[in-house]
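Enquirer: Structure provided below as structure tokens; questions to follow.
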């Protein structure tokens, strides 16, 4: 499946929409479960039911999180990273 299907799964996981996840998995069984798992956890849609569903469908819980380009996860990572590091004048790195 191309990025559009993976993107839909990521957004459903991020929103915690188990119904949407189930529908996508029935129609597109080859989606990237690991990235969806990252979306669910990082964007706080990761209820135990969503996480269990993704793991049951072979999400790799050990897959490293690698933000890519302008994805929603990459943007959140950049914003949260700034919050965690501090402003440039703070000297924190």
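Enquirer: Any chance the stretch 68-77 includes a residue that's on the phi > 0 side of the Ramachandran plot and modelled with pLDDT of 90 or more?
Expert: Looking through the stretch 68-77, none of the residues is on the phi > 0 side of the Ramachandran plot and modelled with pLDDT of 90 or more.
Enquirer: So, in the stretch 50-67, how many residues would count as being at pLDDT 70 or above and part of a loop (DSSP other than H, G, I, E, B)?
Expert: 10
Enquirer: Another one. So which residues in the stretch 1-18 are in contact (Cβ under 8 Å) with a residue 24 or more places away in the chain and over 17 Å from residue 75 (Cβ atoms)?
Expert: Scanning the stretch 1-18 gives 1, 5, 9, 12, 16, 17, 18.
Enquirer: Which members of the stretch 19-49 meet the condition of being outside any helix (DSSP H, G or I) and either closer than 26 Å to residue 75 by Cα or in contact with a helix residue (DSSP H, G or I) (Cβ under 6 Å, 6 or more places away or on another chain) (or both)?
Expert: Correct list: 28, 30, 31, 32, 43, 44, 45, 46, 47.
The values are calculated or read from the model by the stated rules, or taken from the named source; none is laboratory data. Model, not experiment: these values are computed from the prediction. No Cβ is skipped: glycine too gets one built from the backbone with ideal geometry, and neighbour counts run over all protein chains shown.
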